[in-house]
Amino acid sequence: MSGPLALAAVDLGASSGRVVLGRIGPDTLELTEVSRFRNGPVPLPGGLYWDALGLYLDVLDGVRAAERRSGGLAGLAIDSWGVDYGLLDADGVLLGNPRHYRDGRTAAVLDDVHRKLDPARLYELTGVQFLPFSTLYQLAAERRLEVGWQALLTPDLLGYWLTGVRAAEQTIASTTGLLDARTGDWAPEVVDGLGLPTGLLPEVVPPGRVLAGVTEPVRAELGLDHELLVSTVGSHDTASAVVAVPAVTPRFGYVSCGTWGLVGVELDAPVLTEAGRRANFTNERGVDGTIRYLRNVMGLWLLSESLRAWNLRGLGVELGDVLAAAATLPPGGPRIDPDDPAFLPPGNMPARIARVAGRPIEDSPEVVVRCILDSLALAFAAAIEDAQRLSGQPVEVVHIVGGGARNALLCQLTADAAGRPVLAGPVEATALGNLLVQARIHGALDGDLAALRARVRAATHLDRYEPRS
């Protein structure tokens, strides 16, 4: 290999997507965002949807931009949020835009699913926490599922459109509630118990391999005169983010903080105890055979929806200003449970927070924001304590990666609540983890996760927050 390798990470979040160009070699680790585009729920009379076709066009535009900037991409890989899928008919044609996980359609089927599959047995098999929007509940809510149809999770759907290959990357598949926690393949007892048609779920493939090259029509659409390989990485965005946690030893906890806060530890094997189920911890697959033992916390969705609500009212609330004002408030203000189901759908978040907090604070942005951040910090700290207790994995330091690493107030409050140092960064953990695994696939890097994390530490500035008494 001569010179750094050019790779593209397609990183899709629940509120935006982007394409990041990486130049990676033995002495090079450079990231450049070349494209950013809107993403989010589309409210229609029939429910909440994703604009999958628009998302695909945005991905193509971003890859074109990366190709122009790089002078020749060697490969790309896609990561995204979990659980949501597109349905294909027997000819591989998309049957309709995918439903958004915040759509309320699954509420009507939860009891029926649990009559067929006892929740304790489900956890024993899959190790996945109860979330009412998990894929197994979404599939149970489908009006019909026919033999020959296939469900592809978001990154797998886009990968299929790029390559013509249908597969289920293992880390994203582990978010569905349909994967066997021990084998890493689909759990027949769950699939059969739900009565899902044969072939609905494609073959599971691990992260860290070349899926295929893009098809000739896609090459023409992109204007390429060379092969472009699509690889499987940690296709669940948290799996890629955890790759880029710059930990020195295994004795760390992490908070991958964006729209959601994913809080946990990294293990070698799943923890399938009743205590773990009652604590609502999940066992999701990671890169290199690891297990992400974690709990979902509502995350910065509360903050972004509050800002959106205030600005729809014309209040002109700026994030930096309101964070500075919130930091001046004394401790001991209102608290909420950030995982209260009232906060799951989009809408007037400040009014909901005020209602749950039992105080009329919705017209005081700095008070609402401080309430959100205090409550998230406490929830993060509680999840870290539970992860250590339930797994037996000691936690000496907490790493916050993703967008939340920019929020100095949240990082300090988390250190205070957890009683442990917090190291914040990298902000671009998901794209970085995606690119590092790609680089290893293509031979630009080698080594295990510890070696990849050492590269992150060498290339990233980290902010340290010590707990205050």
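The values are calculated or read from the model by the stated rules, or taken from the named source; none is laboratory data. Since the model is a prediction, treat every value here as computed from it, not as a measurement. Because the Cβ atoms are built from the backbone with ideal geometry, glycine has one as well, and the counts that use them run over all protein chains shown. Areas reflect the complete protein model, heavy atoms only, side chains present, ligands, DNA and RNA absent. Shrake-Rupley method; radii C 1.70, N 1.55, O 1.52, S 1.80 Å.
Quick notes
- Ordering of 237-243, 131-137, 5-11, 373-379 by packing [mean C-beta count within 10 Å, highest first]: 237-243, 5-11, 373-379, 131-137
- Which of G316, G199, G177, positive extreme of dipole for the chain (C-beta unit charges): G316
- Separation of alpha-carbon centers, region 426-469 and region 243-292, rounded to whole Å: 16
- Portion, in percent, of the accessible area of the chain that falls on carbon or sulfur, probe 1.4 Å: 51
- Two-decimal Rg/Rh across region 340-433, once Rg and the Kirkwood Rh are taken from alpha-carbon atoms: 1.03
- Averaged over its residues, the chain has an accessible area of 39 Å² per residue, based on protein heavy atoms and a 1.4 Å probe.
- Under 13 Å, Cβ to Cβ, from A459 - net charge with Lys/Arg +1 and Asp/Glu -1: +1
- Cα-centred dipole magnitude for the chain, charges only on beta-carbon of K, R (+1) and D, E (-1), debye, nearest 20: 780
- Simple label model, 7 Å out from Cα along Cβ direction - V165 to E30, nm: 3.0
- Secondary-structure-derived ellipticity at 222 nm for the chain, considering helices only, amounts to -10500 deg cm²/dmol, per-run term -39500 (n - 2.57) for DSSP H runs with n ≥ 4.
- Between A269 and D363, the simple spin-label model (points 7 angstrom out along Cα→Cβ) gives 5.9 nm.
- Sorted largest first, the principal axis extents computed over the alpha-carbon atoms of region 1-120 equal 59, 35, 30 Å.
- Region 140-260 shape via C-alpha gyration tensor axes, a/c threshold 1.5: oblate
- DSSP-defined antiparallel bridges as percent of all bridges, the chain, nearest 5: 70
- Per-pair calculated FRET efficiency, R0 = 35 Å: H461 and T215 via Cβ, rounded to 0.05: 0.30
- Equivalent ellipsoid dimensions for region 67-167 as semi-axes, Å, which come from the Cα gyration tensor, largest first: 31, 17, 12
- Formal net charge of residues neighbouring D91 (Cβ-Cβ distance under 15 Å; K, R +1; D, E -1): -1
- The structure-derived value of Rg and Dmax of the Cα atoms in Å appears in the list [x] 23.0, 77; [y] 24.3, 79; [z] 21.4, 63 under the label [z].
- About its Cα centre, region 227-343 has a charge dipole of approximately 280 debye under the convention of +1 per Lys or Arg Cβ and -1 per Asp or Glu Cβ, with nothing else charged.
- Where Rh is the Kirkwood radius over Cα pairs, Rg/Rh for region 271-351: 1.11
- Surrounding net charge for V214, when Lys and Arg each add one and Asp and Glu each subtract one, Cβ distance under 13 Å: -3
- The residue among L44, Q393, F130 whose Cα reaches farthest toward the positive pole of the charge dipole of the chain, with charges on the beta-carbon of Lys, Arg, Asp and Glu, is Q393.
- Cα centre as origin, Lys/Arg/Asp/Glu Cβ charges: region 388-469 dipole, Debye: 40
- Bins of 10 Å from zero: percent of alpha-carbon pairs in region 383-469: 16, 39, 33, 11, 1
- Across the options C411, W161, I361, the greatest Cα extent toward the positive end of the charge dipole of the chain (unit charges at beta carbon of Lys, Arg, Asp, Glu) belongs to I361.
- Using C-alpha pairs below 8 Å separated by at least 6 residues, the relative contact order for the chain is 16 percent.
- Placing a pseudo-label 7 Å from each Cα along the Cα-to-Cβ vector at L409 and A327 gives an inter-label distance of 0.9 nm.
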